[in-house]
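Here is the structure we will look at.
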Amino acid sequence: MNSSINLLSRRSFFDRSLKVGLGVALSTLVDIPFVMKRALAEGTMGLNGKKLLFIFLRGANDGLNSVIPIGDPSYVSLTPGGTYGTSSIRPNIVIPPDPLTDYTALGGCDSPVAGPNQSTYFYDKAIRVGNGFTAIHPSLKFLAPVYNAGDLALIHRVGYPKQSRSHFDSQNYWETGNPNNKLIKDGIFYRTMVESGLAQTNALTGVSVQSSLPLILRGSQAAMTNLSDPSRYNLKGIPNTTQGNAKADAAIRAALGSPAAAKINRDLLRLQYENMSNTLQTFEQLDWSENGNTFRDTAVTDDDTGYAQSGTGGYYLFPTTNTKNGGYSRTGGTTDTSRYAVSTGSYGFFNQLKSAAMILNNTDAVIAGTELGGFDTHNIQGSSTGAHANLQRTIGWSIYALRKYFSQYANKVDWNNVVVVTLSEFGRTTKQNTTTGTDHAEAGPMFVAGGAIKGYGKPSGRGVFGCHPTADSVPWITGPANQAGGVDGTMFGISDSYLKRSVDYRSVLGKLIRDHLGATQNQLNRIIPGYTNAGEQLQTGGTSTIDNTAIIGEPALV
Amino acid sequence: MTLRRNLFTGWCCLAAVFLAAPENPLTAKAAAAAGPPAVSITASNTQRVLKWTPYPSAQSYKLWRSPALGQAWTEETNGTRSGFQLITPGTNSSGFYRVEVQPLSSNALLSASILNRLAYGPTPDELERVASIGPQAYIDEQLAPEAITETFDSGLSSTNGGSVWLYGSAIGTYSANSLYIYLSSAGTSYLDDVRLVAGSDPTTGVNLISNGDFEAGFPTANWIVGTNATASAATTETAKSGTSSLKMVFSSGGSTFYNAIQFTNITGLTNGQTCSIGFWYVPATNSSLTVRLSGSGVQATPDTGIPGITFKLNNRAAAIGDLRAWHIQRAVRAKRQLLETQLQFWENHFVTQYSKSRDYFDRFYDDGNVMGWLATDLELRENQLWRNALLNPNATFLDLLRISAESPAMIIFLDTVDSRGDGSNVPNENFAREILELFTFGVDNGYDQNDIIQMSRVWSGWTVRIKDADKLNDPFAVQTTNQIVAGIGSTNSAVSNLFGVWGMAFRPERHFTNSTTTFTTAKSLFYNWTTNPVTRVLTRGTGKTTPARFGPPWAGSDYSWAAPLGNGTNAINEGYAVVTHLANQPFTEEFISVKLCRLFVHDNFAIGYDFTDGATSPEEELVKACMLTWENSTPKGNIRTVLSTIFSSDLFRGNDGSMQKVRTPLEYGVAAIRSLRGIDLNGRPTADTDGYNIATMIGRAGAMSLFDRAEPDGFPEAGPLWISAGTLAERIRFAQDMLLSSGKEYTATTSDPVALIKKKLPLPSQTDAAAVVDYFLAILFPGEGAGNLESYRTQGINFLNTADDGTTASLFSALTTNNANYDPRVRGMVAMLMTFPRFQEQ
């Protein structure tokens, strides 16, 4: 340990200590020695074991075909007879209802199990969620066990006022937590980590596993980490052998112990070198390669006893090769592509998701995440099968797998302490376009999962928000645009053609940052500027004065 | 300046820990001194431990002892020295101790600082050159780059026979007797004057390639044509010299003898002999040329070198990756280092974004390659204009600002391109805001939202247009009517079928004009306004005055501005008038001076000093000195004089500036190459890169995409953004990979520290672990001081004396330079030094 006192930082610490009493955001206390920042931070973020995993769905997910308002006759006709299953707004891409299902019946989520003799996604109709109005896309069938355990919240109609329909701008607004504001240049999760006081003291606080660090984790006071490939997170020795690597690592550690003359950046460098050194040791003990991808479902998945390894458990949780993709490998040495759990194009994504989950478990990272692209389905979107359906398979399987991973394999982090959240820059048009796709629109769904989520069946819990005619304070109005009394059906609430929002994405994220991660309200007000502005109604709900739209405020997620 | 010795006294049995009382940061303090090292002494029965804290840039520490005060001091040699402590046996009689610090000479300290700040880091040869001419001579030389000739910009291209010919060459060692020539993909190229000689200069000596000038037809003896190049033939269509050249026609890419054009049965060289190749070629349109000896001991890929990329850039056919590699290669190789670092600074200050320009061209073009080339060209052009401006001794900030405002890349980036003020259109505020917030005044420094709205009207109608090349600088020139006959585009009248250059245009019909009665108040900046509470109409009042904190000569002057009357094409003058007005306001002088001080000295300069409150600090004084220089130069804002003010300051020259900053990823990558880049005994560089590798690394080490930053505030300077556990790992991997000789990830980034040793150290020292480590410590950490590098030195010597398993002893002195363990041992030690924290600093 360096016994010399850094004279510069002690002096400026005394100098700035006054600011703390004023509750100034930690991001402005630039001269505070890093080790002091945690002591000055409010709240319990990073100290209570709570973690967040985010998945950004880039391209804008078509919410109406994911979380389906099947009880809205404008979406699809449920009238028995010749018109059953027809849709005037989506003639080619509507998700067909099942005539054998009563979607108004209340209960849990249906779970169409394939068993050993059918293809995984044999069931191609809308799956009844059980709140009497909502269904989900058949490719989301693996959400059913999560939903029925009460660990899932489907939040529909999420957006923000004066929504932008530019991918570039709207993704930025979601990531900065500041809609229609081009001045804020740092990310909402970055600010969350700075407020925690751990941003420069911990090795990893916010981590992304994708090609480059996303805006949601970027900021100028601290460097969050993006690992394009966690197997890159080890150093090379010369020669590049195990012994050579060990010799190089040992040398770096030995050199850190010596004191140095005081210079402005030396504390930061020493701290981050130590962090890196500690994290390297952790990473080296984990197997990031295909060999290390051994996480499987505990019991037989999807009742598929015909799966080759069903005697020892279920499907692999993170499909990164064909053989680890669902029930592809059959007993008797044969293979069957109809038993895939996810499309083969998502192997790279699952590699990243696996890494993000392993990082949350094995390091001090509080927030980790990755991204999934391809949602911009302007052309030939498909319905029960097709481009959009494949993406839903990835979403459904991801949430199912993460729940299993954190419940069964994550020895340091419990599923009850993890929340998984999806983000997407906007939803898509209610009506299909001339190329059987959909275009940019406004509100869409967020999927929020975790052991602590107050979902279906839990005390004062429910699994669906924003998709019911009476359950929410902002009801779903069924029917077309321009009804009596100047009312539009919810699916036509904007410009007579787009789904109108009923919850602001900041309310969802704010609720999670405060009540799950452990920020104080003061911290949250700094993390999401303007969070308590009276006009916006983000906390309590009401009519937003920005665009006269009624929103529900914070949903009761945790 | 003479050496200074600093003597500090510690009292036996008194723990003399010097803790500075909390100071008021505005109190004046001496510029250079950084406080004495704290000295502590602990004593027990068996030993006394004397500890002190490191002193900046200490070359050595000496301990002095005196049995009683008033008696003579003698140097203490009893006891064990390690790190910053001395352990003496307790059986010594008691006495008094002093620590003497011998710092680096001020010249040595300044030399390290200037090579780390004016340049992208020292090279071994530049360190020697600056040591001999002195740092001030280097500063003066770099402040006049027009007097320095860049060799990589000249002599390597030539127009002959109606074609532009480029020169390619390579030096290496001979290992096999065939020469392979091939393109990377299908394409046509011309080749002439192929030479292979012994030695390192391909232009002299006997040419071992017969008919290398193709005057005798093709193929002649020893020339063999692969199956993918059978259409190749000698031609008189064009030639570099003589009448003939070789027209190479490849139907697919090549890699080795059977899919290349070959010259075999070379004689006259022996294995291991130094040889070199040289040739002239006309670049193929979409593929790159390789000329190499089999065995790859000598290999030339000139299309990825500076002349090759320059050719593509000049033809507006370069991708953004090419521009990045070109920019980085210049940073590594340039003699005009200050020009290159200044270019990067101004490029990063006046931020534009390649992707946004590319997106804009998506409106007109379908071909992704073409969109990329055009967007790259916009980035290059503003870069070239700044370069040419900075080569002029009279360059001012206004010159640079004006170039930015006129740049099509800027017009697109900040949405001015669609901004209209005619009819009910509301002009876009983006550029008006950022030009104040980021390019001139700094955040909230003398302006408010009203000024942004007012100024946004000035820029309405500024847009871009594709014009005839000779009308590039005429903002009123109409769209070109030259149509491309074939190639790009679907219909003849579409923009994508036009041949021209995208340049700035002004559309007066889109400009915000107002009735003449309210004209003067609709574009008024920096006035006080009053709002009628009932009608909510703004009424213009008096002009704002510069705040008192600036002091003389700025305080209290009226800095308001209103657009002169004028409409139609004259209205373009409003933009120029605004730019002229903003460029030399005290707010601008302050903001830019602070940014330059942060670039060259350290990160802790603030905006908003009160120059009149009687309390000051060295930082505040330097900012004010820069502002005064700016104000007093004629015309105002001469860049070189402001830089000179910084380079002459005590802050810059002393310990308060030295080693206080962290290298950005770009600076780190370039400095890593430069630090080992000498010239070996064969005339080859001992470290090299293609630039593309470094562009990849800096993308990983913090998302530093050159020319493509989405946020207009530019890549940051300060350490905390760049340094985290993950980004450090990427930097360190790069340095280690650079030193690897095989199994590399960054395959085109190479180094040869053994070759450097053989050039620089006498033979006996080459196997002396201490001598080798001392040499590399001196070139890697020139500003740290040998006295503070003892732990690195110990690590280095241990590394050299240990086998690869990390534990078995293996004396370095027992090796010869040809021993199989010598090269990896040296490489490993150098890599280790470069992974240490000091190498992240500048």
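Some points to look at:
- Cβ pairs under 9 Å, 6+ apart, first in the stretch B:216-237 and among the charged types (D, E, K, R), second surrounded by 12 or more Cβ atoms within 10 Å (Cβ to Cβ): B:Glu237/B:Gly161; B:Glu237/B:Ser163; B:Glu237/B:Tyr190; B:Glu237/B:Ser245; B:Glu237/B:Lys247
- Just one of the listed residues (A:Gly466, A:Gly451, A:Gly444) is of a type in the set (Gly, Ala, Ser) and more than 17 Å from the chain's Cα centre (by Cα), namely A:Gly466.
- Candidates are the residues of the stretch B:155-169 that are more than 19 Å from B:Thr285 (Cβ to Cβ) and open to solvent by 60 Å² or more (accessible area, probe 1.4 Å); the one that is modelled with the lowest pLDDT is B:Gly155.
- Residue tally, condition within 13 Å of another protein chain (Cβ to nearest Cβ) and not charged (D, E, K, R), over the stretch A:151-179: 6
Rundown of residues vs (1) surrounded by fewer than 24 Cβ atoms within 10 Å (Cβ to Cβ); (2) in a helix (DSSP H, G or I), yes/no style:
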| position | (1), (2) |
| --- | --- |
| A:Tyr190 | no, yes |
| A:Gly197 | no, no |
| A:Ala223 | no, no |
| A:Asn234 | yes, no |
| A:Gly237 | no, no |
| A:Asn240 | yes, no |
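- Conditions (1) open to solvent by 30 Å² or more (accessible area, probe 1.4 Å); (2) under 19 Å from the mean Cα position of the chain (by Cα); (3) within 28 Å of B:Leu127 (Cβ to Cβ); (4) free of Cβ contacts under 8 Å to residues at least 60 places away in the same chain; number of the one not met by B:Ala718: (4)
- Residues in the stretch A:242-258 that are touching a helix residue (DSSP H, G or I) at 6+ places or on another chain (Cβ under 9 Å), at the interface with chain B (Cβ under 7 Å from one of its Cβ atoms) and either more than 28 Å from B:Gly657 (Cα to Cα) or open to solvent by less than 40 Å² (accessible area, probe 1.4 Å) (or both): A:Gly244, A:Lys247, A:Ala248, A:Ala251, A:Ile252, A:Ala255, A:Ser258.
- Counted residues, the stretch A:266-279 - those being hydrophobic (A, V, I, L, M, F, W, C) and more than 7 Å from chain B (Cβ to nearest Cβ): 1
- Flag: B:Leu628 does not match the condition of being in a helix (DSSP H, G or I), closer than 30 Å to B:Ser705 by Cα and either modelled with pLDDT under 95 or away from chain A (no Cβ under 14 Å) (or both).
- Here A:Ile184 passes the criteria (1) surrounded by 22 or more Cβ atoms within 10 Å (Cβ to Cβ); (2) outside any helix (DSSP H, G or I); (3) within 11 Å of chain B (Cβ to nearest Cβ); (4) touching a residue at least 40 places away in the same chain (Cβ under 8 Å) except the one numbered (1).
- Residues in the stretch A:134-169 that are modelled with pLDDT of 95 or more, surrounded by fewer than 23 Cβ atoms within 10 Å (Cβ to Cβ) and assigned to a loop (DSSP other than H, G, I, E, B): 2 in all.
- Residue under evaluation B:Ala770, criteria (1) within 14 Å of another protein chain (Cβ to nearest Cβ); (2) in a helix (DSSP H, G or I), criterion not met: (1)
- One residue stands out among those in the stretch B:466-483 that are within 21 Å of B:Glu509 (Cα to Cα) and of a type outside the set (A, V, I, L, M, F, W, C): the one that is surrounded by the most Cβ atoms within 10 Å (Cβ to Cβ), which is B:Lys467.
- If you filter the stretch B:123-148 down to residues that are assigned to a loop (DSSP other than H, G, I, E, B) and in contact with a helix residue (DSSP H, G or I) (Cβ under 6 Å, 6 or more places away or on another chain), you find that the one that is nearest to B:Val332 (Cα to Cα) is B:Thr123.
- Scanning the stretch B:797-825 for residues that are facing chain A (nearest Cβ under 9 Å) and either within 26 Å of B:Arg663 (Cβ to Cβ) or charged (D, E, K, R) (or both) returns B:Phe799, B:Asp804, B:Asp805, B:Arg825.
- The residues of the stretch B:788-803 that are out of contact with any Lys or Arg (no Cβ under 7 Å at 6 or more places or on another chain) and either in a loop (DSSP other than H, G, I, E, B) or not hydroxyl-bearing (Ser, Thr, Tyr) (or both), listed by number, are B:Asn788, B:Leu789, B:Glu790, B:Arg793, B:Gln795, B:Gly796, B:Ile797, B:Asn798, B:Phe799, B:Asn801, B:Ala803.
- Applying the criterion of being open to solvent by 20 Å² or more (accessible area, probe 1.4 Å) and of a type in the set (Gly, Ala, Ser) to the residues of the stretch B:264-296, the residue that is modelled with the lowest pLDDT is B:Ser296.
- Top-ranked residue in the stretch B:75-120 [being of a type in the set (Lys, Arg) and farther than 30 Å from B:Thr341 by Cα; ranked as farthest from the other protein chains (Cβ to nearest Cβ)]: B:Arg98
- Condition met for A:Lys263 (under 21 Å from B:Thr807 (Cα atoms) and facing chain B (nearest Cβ under 7 Å)): no
Residue by residue, here is whether (1) farther than 23 Å from A:Thr279 by Cβ; (2) among the hydroxyl-bearing types (Ser, Thr, Tyr); (3) outside any loop (DSSP other than H, G, I, E, B) holds:
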{"residue": "B:Ser705", "(1), (2), (3)": "yes, yes, no"}
{"residue": "B:Asp713", "(1), (2), (3)": "yes, no, no"}
{"residue": "B:Glu717", "(1), (2), (3)": "yes, no, no"}
{"residue": "B:Gly726", "(1), (2), (3)": "no, no, yes"}
{"residue": "B:Arg731", "(1), (2), (3)": "no, no, yes"}
{"residue": "B:Ala735", "(1), (2), (3)": "no, no, yes"}
{"residue": "B:Ser741", "(1), (2), (3)": "yes, yes, no"}
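- The one condition in (1) modelled with pLDDT under 75; (2) over 43 Å from the mean Cα position of the chain (by Cα) that B:Gln47 fails to fulfil: (1)
- B:Phe734 being out of contact with any Pro (no Cβ under 8 Å at 6 or more places or on another chain) and at positive phi: no
- Between A:Gly219, A:Gly206, the distinction of being within 19 Å of the chain's Cα centre (by Cα) and either more than 9 Å from chain B (Cβ to nearest Cβ) or closer than 23 Å to B:Val443 by Cα (or both) belongs to A:Gly206 only.
- B:Asn315 being closer than 30 Å to B:Ala170 by Cβ and surrounded by fewer than 19 Cβ atoms within 10 Å (Cβ to Cβ): yes
- Scanning the stretch B:177-202 for residues that are open to solvent by 30 Å² or more (accessible area, probe 1.4 Å) and in a loop (DSSP other than H, G, I, E, B) yields B:Asn177, B:Ser184, B:Ser185, B:Ala186, B:Ser200, B:Asp201.
- Leading residue by the ranking (modelled with the highest pLDDT) among those in the stretch B:700-715 that are buried (at least 20 other Cβ atoms within 10 Å of the Cβ) and either facing chain A (nearest Cβ under 7 Å) or on the phi > 0 side of the Ramachandran plot (or both): B:Phe707
- Residue within the stretch A:64-75 that is under 20 Å from A:His388 (Cα atoms) and in a helix (DSSP H, G or I) present: yes
The values are calculated or read from the model by the stated rules, or taken from the named source; none is laboratory data. Only a predicted model underlies this, so the values are computations on that prediction, with no experimental measurement involved. Glycine gets a Cβ as well: all are built from the backbone with ideal geometry, and neighbour counts include every protein chain shown. Each accessible area value is taken on the protein alone, full model and side chains, heavy atoms only, with ligands, DNA and RNA left out. Shrake-Rupley method; radii C 1.70, N 1.55, O 1.52, S 1.80 Å.
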